[in-house]
Amino acid sequence: MYRAWATANAFAAAGWDVTVMTVPREVFTMSTGIDESLEKSIDPSIEILRVPFHSAAYENDLSTWSAFRAHAPELWNVMDARRERRAFPERTYGSWRPAMEAAAAELHHRHPVDLVLGTANPNVDFAPGLYLHSRYGVPYVMDYRDAWQLDVFSGERTASPESEVAQFEARLIENAHAVWFVNEPILRWHAELYPSSAHRFRVVANGYDESPVDADAAAPDEELVFGYVGTISAAVPVGQLLEGWIRARELSPELRSARIELWGHLNHTGIPNQSIISRLESFNANGISYHGSVAKRDIGRVYGRFDALLLVLGTGRYVTSGKVFEYAATGLPIASVHDPGNAASDVLRQHPAWFATDDLSADAIARTLMQTAEAAHAQTPSDRERTQQWAAQFQRAGQLDPRIAELREFIDQNRPA
């Protein structure tokens, strides 16, 4: 969400006339939820084009279900999946393609489009760019916030070369003006799969939008608070974190009075992560509290509650996460509770107060937590300010602005006389 929001605002700030195609607002309010503070910070010059969207996965009102679906949901789901894949090879979102293409064509006739940028997933977001390119020669950019055929946790390919997904992605990449990836490992994987197109691949990393907290924040109190901010999906190793935390409190008198605060959604969808729900009682008994999601406008206040940060990520050498950059920008000590081979390690390797877990055993996590606690107590305001200065390299504008300038130059050079 932050990447899409920031990208649209960055194009508008660079003088582009921006139209954002998205679903009706109710789709978000009835499923994943919204951040109204972020919504209010959209550049007022941006036109929001709401394209009708219907998917069985978002039909939560059972009274709207047909008798067939209500009495034979599994069979109905199989048939619905086939209908969706006839439009586009992606479950849940594939049926949105015709409406998006029609809306893109109407927009182009009303106000000719110079460039299309699709950000995925869902991967059907790439369809309007290919459509306008095929019919009118409009260039398009593919912005991969994730990956379509690569499971970033396992590193396995998720679709066979003969599949509709593989064939459609190959067509998309072959015709794209540029393809953006969030880190170098994901780019390299795709470059091996599509060597003839690799010269058009770029790393456009995530970043932070503004300094999350003040450089002269108060020094830590005696009671240390570790903080986690981000989505807590099933891939996040919360069980291992709990075991390591319990072990650290057994070993360290300092940590027996410390606390962990968890902030964020309990999944990428509106359905809570049951692995977290089932552990809430154990959390409470061990000084771990869950505080819900946090709006973008309040993020500075939340970071101000912490003395150190927990970067807890699913395993995978292609995993960076967006929050790693914002974490770095706080200047706080960071405990990395994830596989050392994750791409996030490459971002933080030179961080002055970063402590990486050797593995996900309870003893290794405990050592990392104790090292981080020691650094949190020792950190001075000037130490923190120096760390923030080091992290300035990760401002999102440093990633987006050069790419937007390149695109502007390309459009201007190829504009009809």
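The values are calculated or read from the model by the stated rules, or taken from the named source; none is laboratory data. Bear in mind that the values here come from a model prediction, so they are computed numbers and not experimental data. Quick reminder, even Gly has a Cβ in these numbers, built from the backbone with ideal geometry, and neighbours come from all protein chains shown.
What to note about this one:
- Qualifying residue in region 401-412 (condition: closer than 22 Å to I288 by Cα and either touching a His at 6+ places or on another chain (Cβ under 8 Å) or touching a residue at least 60 places away in the same chain (Cβ under 8 Å) (or both)): no
- When E192, E250 are checked against the criterion of being outside any loop (DSSP other than H, G, I, E, B) and modelled with pLDDT of 95 or more, E192 stands alone in meeting it.
- Qualifying residue in region 91-112 (condition: assigned to a strand (DSSP E or B), at pLDDT below 95 and either at positive phi or small (G, A, S) (or both)): no
- Yes/no for T119 being surrounded by fewer than 20 Cβ atoms within 10 Å (Cβ to Cβ), of a type in the set (V, I, T), on the phi < 0 side of the Ramachandran plot and more than 27 Å from the chain's Cα centre (by Cα): no
- The set of residues in region 339-374 that are in contact with a strand residue (DSSP E or B) (Cβ under 9 Å, 6 or more places away or on another chain) and not in a helix (DSSP H, G or I) comprises P340, N342, R349, H351, A353, W354, F355, A356, T357, L360.
- One residue stands out among those in region 308-338 that are part of a loop (DSSP other than H, G, I, E, B) and touching a His at 6+ places or on another chain (Cβ under 8 Å): the one that is modelled with the lowest pLDDT, which is T315.
- Verdict on A335 being of a type in the set (A, V, I, L, M), crowded, with 23+ Cβ neighbours inside 10 Å and under 21 Å from I260 (Cα atoms): yes
- When residues of region 1-34 are limited to those that are of a type in the set (F, W, Y) and not in a loop (DSSP other than H, G, I, E, B), the one farthest from H54 (Cα to Cα): F11
- Within region 353-386, the residues that satisfy the criterion of being of a type in the set (S, T, N, Q) and either surrounded by fewer than 15 Cβ atoms within 10 Å (Cβ to Cβ) or in contact with a helix residue (DSSP H, G or I) (Cβ under 8 Å, 6 or more places away or on another chain) (or both) are T357, S361, T368, T380, S382.
- Every listed requirement among (1) buried (at least 17 other Cβ atoms within 10 Å of the Cβ); (2) under 20 Å from A258 (Cα atoms) is met by H291 save one, (1).
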